[in-house]
Each structure stands twice: as structure tokens, then as C-alpha cells.
Amino acid sequence: MSAPLFDGLGPPGPDDATEPDRVRVALPVPVDRVFSYRAKTGALAGDALVGVRVQVGFGGQKLVGLVVPDDVEGASPPESSEEPARHALSAIEAVLDEEPVVSESMIRVLAAEAREIFCPIGLALAHALPPGSTPRTARPFALTKRGERALATGALGREAGGGDAIPLLRQLAEGPATLGTLVRALPRVPVARRLEGLLRDGLVERRVELRRARARVPTERFVRVRGHVDAEAIAATSLARAKRQAELLCEIAEAPEGLPTARLTRRDGNAGALLRQLERRGLVAFEERPRLTAASSVLDGGARVELTSDQREALGPIRDAIKRQVHETFLLHGVTGSGKTEVYLQAVEEALDADRQALVLVPEITLTHQIVARLRARFGDRVAVLHSGLKPGERLAQWERLRAGQTAIAVGARSALFAPLERLGLVVIDEEHDGAYKNEEGFRYHARELAARRAEEARCPLVLGSATPSLETRHRADTGAIRRLSLPRRVGGRPLPAVQIVDLAAEREKHPRGRKLVLSRPMRTAIEETLAEGGQTILFLNRRGFSTRIFCFVCGHAERCDDCDVALVFHAAEHRLRCHYCDHVRAVPERCAGCGDPETALLGVGTERLEEEVQAVFPSARTMRLDRDVAARRGHTESVLRALKDETVDIVIGTQMVAKGHDFPGVQMVGVVAADIGLHLPDFRAAERTFQLLTQVAGRAGRASRPGRVVVQTFVPDHYALVPVATHDFEGFYREEIRHREALGYPPFGLLTRVVFHAEDEALVREAGTALARAGRAFLREGAALELLGPAPAPIAKLRGRHRAMLLLKGRDEALLRRVSEAILLAARRLPRGVQVALDARPVNML
């Protein structure tokens, strides 16, 4: 990011109020409006500023905002009705960029989406820049002139705290410092209390500073020959007796753009000293340059393949839309292993051939390794990766590669949707049904909807790929809103894996107690046979930890988190109970906290417990685990994927991270240990998610020449979401589920908006629910095509120490739904300060 170009402007004068001087700025504050600031005539012209960041004063703070076009507004009333006279506008203090960092088209797309889902425009636009790339506000403490004199003369009054204030003042004499910095530097001093006295006595002041961004593009040092130097002549004369310096100078001269010093020093340990000698002679110069490295993957990409007839038929309309530069949305509906990725790749190739760019989204960070490998094998270094798993500097470097036009393909998880691609020719969303595409906090966009806006703005096709598309997407295809392309067969005619459903209730009757319930007899047999054949096994369990909970068989007491309405999970590696919501940790009790009985038992199964069980039953098998706990270790995910690729692991135990999109030929068998998890959640999408997840994980098996098999353990083998899994029957499940949705008025046959409100005081939550419901129902008349349900406790009624409740708006009248939503948000502004309200206009997670 560029350094500030301009200093702060002077105070406004009576003649500085002309309309061209007004600049519209969106700020990252929870107020849905755009603010006006003043720029000096000629220095900062309106249109030229759109898309650059500016530093401004706001409510006693220094904030960084984004300049937007004059016709872009938030949902609140236009500022002109409230703002002071033109001459009273505050001045922009600094412009932080030499050129726009966010395009006008991106600003308009995000502003439209923000308005649609009731998000303040400034918070939405903040997503357009990589995290950590914007300067941040700090409020450090600093010595005043009086404080400096008092420290120098030792004239500290009693009010300042006497003796232990001196080390605090000495620390501040080294420079301004935040409260956290001071507490860490002076652990034995009551810093907060002493600062109160020092502020009161005028010895210390609180400043507002704008500090540089945390994210910095990694750099590398280059050396080049100075422009006036004739290297060959110098080598023959001045350096005639310094042969090694002469050789090095000539080598550098052969590279007009310069050479990385690291390359030279790696080859020759003395190169550093030789370079310094050349610098002292004025022959070479050093400079730091951004290290914009290309994306990499631990996996192989494979060669370009000949398309099947199904693939060719699916690719044709996508290619045509790219060539004609028209926006059209396609559902690429193909069974697992049908070659959807190859269709994506050849569509990307078509976009690049047309001198346009491509954006490819995947739901999980782990899936970026596979798609990056395929893209790099096909397109070389023209691939940039953007996702939250990268360090801020790495992510910023990839973003800069895209902005600089050094690469034409962006790939990543949900946040890659904000990639700076100005010649966008194709957008692909793989596994479009996945809930990970919904952002659950702040700017609550769904990547599928926002991608459609980007594609429409860019006049390019949007491809939604899945073996188990969401009901909303499939229904849109059925009604003609989007076009469905089908891949009904696996590539090469390979059969889909055989699926066996195991009734755990029947297994429990055979083995009423003991560890055998973790892996049923059919499951163990399938694993044994796969090991004997030299194949790999994936065991899927959508639950981290060693066990679900600590439960007493005597009184029924279960160990729960004090701050969240959920059970604590036992983690064997640390021998602790942990809450997966607030991260509270507690020691494992020796006796039941309810009745004192020592026989408190571990119930349920987690990935750690499953791993232990597998190692006990199959001691010679090579096992690895992949869930979010172990994936947090840098490099662990890559090591598991590499082991699967190289077939150096026999059994991988994992959560959803192993269920989606991976293609490893060695995997012959997939075991689903507990298919019921999630099936009975209080969420109308529970059955759909269960069917999708089981179908996806089953699709990991048998993707090479050897046939695959799948074993699914469940207590409800006759459930309508499980029966079609055995026959890979999406159409059967879709017909049944769409019938339930239509009967109840849930999407795609109705609209939903969810309002969650929470506070530490439960009474405040009840009062807030009454007030919000009253405001919403004031707009509802008898017979209205909209109903307001609640207030009622949220399914997770307490989270991180705060009580939670919710309202649900459900109906078909979109205009009325917006009016009621706006009324509820207006009422939310009048609630007590301790109550927080979040409105989700397109809820995916109902918990």
C-alpha cells in the first residue's frame, strides 16, 4: 500500500465551500450512511479520488475511509438533510494512496449488496481490502511538556502517585505507549490507577494516532549496477587487482533489472562482503522490492485431459457466454467424480484466451491445495491464492499480484470474492451448496449472491458446481431462472461406490456396552479388507475432540460451559474439557459435580477418541487425523494431503475437512461413524445438510480403477435423508425435501429474515424481544403474506456469557418483509446499551 501523498489540510475557510471540494467517504462504523468531507480546490478533485483511502477525523478519532462516487449512499437518510453548512465540513487530513485500491465497479457491487442485506455501507466496503492492510487507530499515552519537566526536575506531586509513578513516566519518556504496552513493560506497577492520577495532574495526555498497517508485503533485497557504471571497463581497470569483485560486478551487470542478493550469498558465503565493497566504491546500489511469490501446492496437478461427451456438452454454453461477454448463471450438476473440475479449467482457459480473468471459489481452505495444483499445472504462475489461512503479509502479496495485473486467476475461499479483478471473464463457485459460503458476522453476505452481482457487473458467466446443489439453486434451475448443465456419470465409466447402511440400534443389542459401538462389525470388516488390498480409508466424524461430553450414569448430570448453553468437549491430548464456542477450558472432574459419584462416564465419540480406537483395533495401520484442532498447526493439513496423495497413510480420521472435493485415487473405503450428527438440530435445513454431507463424503471413495465402498453407521436407517444416500439418489431426496419446504413455506417458497438479540442480563433480552416484536407487528395486518414468529430463546440460548433470543420473519411479500425489517432495526437503536441486535436477511445457520 502506498504511503500518504498529502499532509493534513488547513482549517476550513469561508471561501472553501464550493461543491467540487466535497468528497464522499464511507467509514467502517455501524452507521449506514456516507459522510461528506472537504478537500482544497485543485489538490483533491472528486472523481479522481474514488476508490482511494483517506484519513479523516470522526467523533474525536482518526479513521481511514474509502472515497465513493457521489451517487452512492447508505440506507439512512441522505446526509444533506442533517449535515452542517458547506463551509463547516471537516477537511480530509491525508490521502493514503496514489491510485484507487478499490474499483468503482466493486464499490457499486458492495454498496448494492449492503443495502439489500441491511449492512452499513462502510462495513461492507472494508471487506474489499485485505485484512491488516489499512492503517489502524491507536490511543497511546504520552508525556506532556509539564510531565517532561517534572521528570527532569524530580518535582512529582503526591497526587501523581509518588514513587511508583516515576518508572511509568520514564517509560513514556522513551515514546508514546498504549495501556497494554505499559502493563507488559511494568508488571509490578498499578499502571491503570497511576495513569488516572497522571492524566488528572496534566503530566500525561491521551493521543490519537494512526499507525501503519500490520500487513506488509514481504520484500527481498536486489542489487543492480548503477546507471553510469561501465562494468567491463571498471573490471579491467579499477578492479584489475580485485578479481572476485570484478567477476561479481560483471555478473550483476548482465541482469539490467538486478539480482536477488539472497541468490548470490547462498552460492558464495563471501558474496555479502564483496557486495558491500562494491557499494562503497559507488558501483552498485541496493533496493527492497516486493516479493510477489506465486501460489504453490503440495499436490500434483495432472495433465490436460480429453473431455467426455457429457463434459463437452456442459462446457459449450459456458464457453459461448464467455465469448459473447454476457452474464448467465449455470448450475453444473454432476455426480461425484464426473469431472466438474476439468470443465472449470477449460472454462478458465477460454476466459484467459479472451484476455479476461477468472475467479474460482472453494468452500474450505483445505480444498485450495487441490484446485491450485490443477490450475498451476495448466496455467503456470498465473494463479494467486486468497484465504484467511495465509499470514496477512502473504495475503496482501497475493492481492497485490492481482491488482498489479501479474496474474489472471484468483482462487480461494469465500473472501477471495473481493479479489481486485478488473477484467473478470468467469466466476466459478465449486460445491456451491456449502454453508461455508455464508459470512455469519458483520457483512452477512452469501458468496453465491454476491458473486452473481460481480458477474452481472462484469458481464460474464457464473458457474455453480455441485453433486448436491442447494434446494434453492436447484429450484431456480427447475423454474428457468438459471440454466442446468448435467454430468450424470463418472469419468471413465467408473461406478459410484457401493453404500452399506448399518443400524447402530441393532448393533447395540448385540454389544450393549463397550468400545465396539464406536466401530461396528461391518465397519471393522470393511477397513480390514481395504487394508489387506492395499487401499486407503477415510473415517468421517463431524465432531472434534475425544468425546462429546462428560455424563453421569447415576444422576444424569453433564458438564456444560458456564457461559454457553452447550456441553464441554473432552480433549485427550491436553486432558481438559473445552468449549468449542468461547474456548473456556476446565479440568476433568474426578467425581460427578451433581451427585459426587466417581463413575462419571465419557459419552459420545470425537475424532481423538476415534483415532485412539482405530489405533487399538488396527495397530499396524498408519493413521493421521485432520480436524480444525490439528489443522491449526502450520503445515499439518499439507502433510496429511501429501500422505494421501503419496499413499503413505492407511487411515485418515477427520471432520468436514476431509469430506469435500478431494480426489485421491488410493481411497477405496469411506466410513461414516455417526451419520445422525446434525440430523436432529432445530434447523429446517438439517435433513438437506445431512444428505449433502454424506453424499459428498461417500464420493471420496473409488475414484480410480478400483471400486469403492462406503459404510454409514446410524440409529435412524429409515430416515428420508439417509435412504437415498445408499443409492446416490439426489432426485429422490430433492422431491421429498422440496415437498416439505413448500408445505411449510420455507425457502425456496418463502423468504426468511432472522433477528438475534443478546445481552448479559436475561431480563434485558426479554424486554428487547417485546419491543422489537411490537415494532415489527405494527406493520402486519390480518391476512398479510408475512408472519413474525417469536420472540423465543435461540437454539443456543446462551453463548459467551450472553443470553440470546430471536425473532423470525417468514413469508412471500418481499416489500413488506423489508418494511418490517427496517422497523425492527429502527426500534433496535432505542434499546438499552447492553443489548446487541443482529439482523440476517438471508439466514443459513439457524442456531
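The values are calculated or read from the model by the stated rules, or taken from the named source; none is laboratory data. On a predicted model such as this, the values are computed, not experimentally measured, just so you know. Every residue, glycine as well, gets a Cβ built from its backbone with ideal geometry; the counts of neighbours run over all protein chains shown. When the accessible area is computed, the model is the full protein with side chains, heavy atoms only, and any ligands, DNA or RNA have been set aside. Shrake-Rupley method; radii C 1.70, N 1.55, O 1.52, S 1.80 Å.
The candidates Glu533, Glu174, arranged from most to least accessible area with a 1.4 Å probe in the full protein assembly, appear as Glu174, Glu533. Using a probe of 1.4 angstrom and keeping all protein chains present, the accessible surface of the chain works out to 45 square angstrom per residue. With an a/c value of 1.5 or above and a/b not larger than b/c for the gyration tensor axes a ≥ b ≥ c computed over the alpha-carbon atoms, region 710-762 is described as oblate. Of the residues Thr308, Thr329, ranked by 1.4 Å probe accessible area with the largest first, the sequence reads Thr308, Thr329. Here the 3J(HN,Hα) profile of region 304-313, calculated from phi with Karplus coefficients 6.51, -1.76 and 1.60 at θ = phi - 60°, is 5, 10, 6, 6, 6, 5, 5, 5, 4, 5 Hz, Gly and Pro shown as x.
Sorting His575, His433, His680 on solvent-accessible area from highest to lowest, probe radius 1.4 Å, gives His680, His575, His433. When the surface is traced with a 1.4 Å probe over the full set of protein chains, Val588 keeps roughly 40 Å² accessible.
Shape class of region 356-400 from the alpha-carbon gyration tensor: oblate, with a/c at 1.5 or above and b/c at least as large as a/b. If both residues of a DSSP beta bridge must be in the chain, then about 55% of such bridges are antiparallel. Rolling a 1.4 Å probe over the protein chains gives Arg136 an accessible area of about 90 Å².
Any chance you could check the Cα centroid distance between region 685-717 and region 814-847 for me, in angstrom? Each part reduced to its Cα centre gives a spacing of 38 Å. Lysine pair count for the chain with Cα-Cα distance under 21 Å and sequence separation of 8 or more or different chains is 7. Computed from point charges on the beta carbon alone (+1 for Lys and Arg, -1 for Asp and Glu), the dipole magnitude for region 715-764 about its Cα centre is near 260 Debye. Normalised by the number of residues in the chain, the average gap of Cα pairs under 8 Å and 6 or more apart makes the relative contact order 9 percent. For region 408-439, the residues whose backbone nitrogen is under 13 Å from a point 7 Å from the Cα of Leu681, taken along Cα to Cβ, are 434-438. So between Glu251 and Arg291, what do we pick up on full extension, going 0.36 nm a residue minus the alpha carbon distance? Answer, rounded to one decimal: 12.2 nm. For the pair Ala532 and Ala88 in one chain, pulling the backbone fully straight at 0.36 nm per residue adds 151.7 nm over the alpha carbon distance. Given their separation in residues at 0.36 nm each and the Cα-Cα distance between them, Thr237 and Ala481 gain 80.1 nm when the chain is fully extended. Scanning residues 5 or more positions from Arg226 or on other chains, those with amide H under 5 Å from its amide H are Val284, Ala285, with H placed 1.01 Å from N in the peptide plane. To the nearest 10, the accessible area of Thr261 is 20 Å² with a 1.4 Å probe. Residue-wise HN-Hα couplings along region 135-151, as the Karplus relation 6.51 cos²θ - 1.76 cosθ + 1.60 with θ = phi - 60° gives them from phi, are x, 10, 7, 10, 10, x, 8, 8, 6, 7, 4, 5, x, 4, 5, 5, 5 Hz; Gly and Pro carry x.
Projecting the Cα positions of Pro290, Leu195, Val225 onto the charge dipole of the chain (unit charges on Cβ atoms of Lys, Arg, Asp and Glu, taken about the Cα centre) puts Leu195 furthest along the positive direction. Assign one of three labels to region 733-847, namely rounded, prolate or oblate, based on the Cα gyration tensor with a ≥ b ≥ c the square roots of its eigenvalues; rounded applies when a/c is under 1.5, prolate when it is not and a/b is larger than b/c, and oblate otherwise. Because a/c hits 1.5 or more and a/b fails to exceed b/c, region 733-847 counts as oblate.
Determine the share of the chain's accessible area contributed by carbon and sulfur atoms, expressed in whole percent, with a 1.4 angstrom probe. Carbon-and-sulfur percentage of accessible area, whole number: 48. Working note: Karplus 6.51/-1.76/1.60 with θ = phi - 60° gives region 726-731 the couplings 5, 10, 6, 9, 5, 4 Hz, where Gly and Pro are set to x.
Under a 5 Å amide H cut-off, with hydrogens placed 1.01 Å from N, His327 pairs with Cys460 among residues at least 5 apart or on other chains.
Amide H to amide H distances under 5 Å link Cys592 with Asp597, Glu599, Thr600, where only residues 5 or more positions off or on other chains count and H is placed in the peptide plane. Think of it as helices only: each DSSP H run of n ≥ 4 in the chain is worth -39500 (n - 2.57), and spread over all residues that comes to -9500 deg cm²/dmol at 222 nm. Pairwise Cα distances in the chain exceed 45 Å for 39 percent of all pairs. Using Cβ point charges alone (K and R +1, D and E -1), the dipole size of the chain about the Cα centre works out to roughly 1640 debye. Label-to-label distance for Leu179 and His636 is 3.4 nm, based on points extended 7 Å past Cα in the beta-carbon direction. Selection among Ile117, Phe58, Ala467 by position relative to the dipole of the chain gives Phe58 as farthest towards the positive end (Cβ unit charges, Cα centre).
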